[in-house]
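Below is one structure, written out as structure tokens, with a few remarks after it.
No value in this document is a laboratory result; all are computed from the given coordinates. Since this is a predicted model, take the numbers as computed values, not measurements. Neighbour counts are summed over all protein chains in view; Cβ atoms, including those assigned to glycine, are modelled from backbone coordinates with ideal geometry.
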Amino acid sequence: MRRPDEVESLFSRTLSVIHSALVSYYRLTEDEARGAEEDLLLWFQRLARRGGSAQMPVKLLRLSLLSAACQYGRSFQLWKLGGADPVDSDLGEILAREPDDVANDLDRTLEGERS
Amino acid sequence: MTGRVLRFPRRPLSSDAGRLAAERVLKTPLAERPAAAAALRLEDPETVLALCAMLRQRLESAPAAVRDEAEFLYRFLETPRREIGLFDEREYFLGETALLAGTACRHLSRRVEAQVWFDRSEAGFRHTVNAPGDLSRLGYQRLAERLEERQIDIVLELLPALIESFRSLEMTEDALKCRFLEGLALMETDELERAIEIFQDIATEAGSLGSERLAASAYANLTHVHGMMGEAEAAIAASMKAIPVLRRLDDRIALAKVQWGIATLLRETGQLQPAIEAYRKAQEEFEAIGMRADIAALNLVVADLLLEQGQDRDALREIAAALPVISELQMAPEGMAALSLLRESSRRQEINRQALRELHGYFQELRA
């Protein structure tokens, strides 16, 4: 498989987890999540062509993709809140966590599903 | 609780359009670019990504031009602050352009400048999502710089961890590239047989990875080591494997080093005049790509050969040509000590042969 196709394929396989994280964890609306996913795809296609990433197998870039998705979701929700407290404790807890930690959990879940 | 507001820029170029835009940028004189930035799509991440890839490919053929281009890009992205791309892309581009500038400076022996660029690169990469791969590439350049400063113990201490980083990221070519530093360090410590084993291993493994650039570089180094050992057949065989590939890849740095290796072979086999001519040819090749340190180093080697032939006056001329460059490059202490002795003897018109040999030995082992 050509590398650009591999990149698209990995993104497609990860998309449901990303969407779920954006909507369920970070409480983005469906429209907001779709916009985020479009940006994430463009970003991920370029990430895979960076100096260091281009030498790595595409599969190893999945964690970076999930991490960027979580950073996006968190930043977007914080921006929407505009300094106000989250409406419920679950959202408060997810916003209090480091996006990389959340991404690691999601990555492990995906890994578990595969094995 | 903190968080940054995300950027929503306009839709970027496609990757093909980015490559075309990058070619247009490179054809535009540096001074005209800021005013034409919008028309050149210089703030589009695809353009900058393509520019970085193109400059990376030219590091071995035109380091001086790459340094200037990379510095331009870095300054353009940095001040005034330009919001380029999505998420961490601005930071990545700052890290990458600084790494390019630093690597080019290393090739040009502008060591202090290289170190500052490497610090800037780290500052950029540190804030990116997939930092380990890029920071490891930066680590390689820093170790290569340390090798050129003869910090052999530090290089050998830190090299295994760097190789391990590349392996864990499955960056196999980069892991293999690290072994060049091991081979060069062995040349530095005069363990030539072991250096040959390392470069042969690299050539074999590069062949199995399909990396002709690494394989050709390994053969370029083998040319030099066999040349140092006076092994004519092996040196020539290695050079014949290296040269066609290096020419095709336009790797002018490695080509000049092959030429240097052949000159060393001629010297080691007692063919002094042909050796001088071969060194001159290597100098011409280094001159074409702006590698002044290597030209100065070869001035010293040629001076030594001229002394051997009793041509003291010509030898002094060679030394006089090298001294300002060597001084400007701020060499390591042992190099500077030899330089002082040589400068003094040059003033008295009597060459201190030992100082000359120490200084060009310092250069020669470094540059192999």
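Quick notes
- Sorted by Cβ neighbour density within 10 Å, fewest at the top, the residues B:ARG267, A:ARG62, B:ARG82: B:ARG82, A:ARG62, B:ARG267
- Multiplying the residue separation of B:VAL325 and B:ALA36 by 0.36 nm and subtracting their alpha-carbon distance yields 100.3 nm.
- Calculated on alpha-carbon atoms, Rg and Dmax of chain B in Å: 22.1, 77
- Stretch gain in nm, segment B:SER15-B:GLU173, where the contour uses 0.36 nm per residue and the Cα spacing is subtracted: 54.4 nm
- Virtual spin-label span in nm between B:GLU149 and A:ARG108, 7 Å along Cα→Cβ: 4.1
- Per-residue ellipticity at 222 nm from helix content only, as computed over chain B with -39500 (n - 2.57) for each DSSP H run of at least four residues, stands at -25500 deg cm²/dmol.
- Debye equation applied to the C-alpha atoms of the protein assembly as shown, log10 I(q)/I(0) at 0.09, 0.12, 0.14 Å⁻¹: -0.69, -1.07, -1.32
- If you take all other residues with their beta carbon under 9 Å from the beta carbon of A:PRO86, and give Lys and Arg +1 and Asp and Glu -1, the sum is -3.
- Placing unit charges on the Cβ atoms only, positive for Lys and Arg and negative for Asp and Glu, gives the stretch B:75-226 a dipole magnitude near 600 debye about its Cα centre.
- Within the straight-line cut-off of under 18 Å between alpha carbons, the lysines reachable from B:LYS177 are B:LYS257, sequence neighbours fewer than 8 places apart in one chain being disregarded.
- Net charge of Cβ neighbours under 11 Å - reference B:GLU60; Lys, Arg +1; Asp, Glu -1: +3
- Distance in nm between pseudo-label sites at B:ARG280 and A:SER24 (7 Å out along the Cβ direction from Cα): 7.7
- If you run the Gaussian network model on chain B, springs between alpha carbon atoms under 10 Å, then out of B:ARG248, B:ARG75, B:ARG110 the most flexible one is B:ARG248.
- The angle between the Cα long axis of helix B:333-347 and the main principal axis of chain B comes to about 50°, on a 0 to 90 degree scale.
- As a proxy for reagent exposure, B:ILE236, B:ILE243 were ordered by neighbouring Cβ count within 10 angstrom, fewest first; the result is B:ILE236, B:ILE243.
- Take every Cα pair under 8 Å whose residues are at least 6 apart in sequence, average their separation, divide by the length of the stretch B:13-129, and the relative contact order is 23 percent.
- Remark: mean inter-chain Cβ contacts per residue of B:170-181 equal 2, using a 10 Å Cβ-Cβ cutoff to other protein chain atoms.
- Its Cα centre serving as origin, the protein assembly as shown has a Cβ charge dipole (Lys and Arg +1, Asp and Glu -1) of approximately 1260 debye.
- Alpha carbon Rg of the stretch A:1-94, scaled by the compact-globule rule 2.2 N^0.38 Å: 1.17
- Residue mean of other protein chain beta carbons inside 10 Å, A:57-65: 3
- Other residues with beta-carbon under 12 Å from the beta-carbon of B:ARG24 carry, at +1 per Lys or Arg and -1 per Asp or Glu, a net charge of +1.
- Fewest neighbouring Cβ atoms within 10 Å first, the residues B:ASP294, B:ASP250 line up as B:ASP250, B:ASP294.
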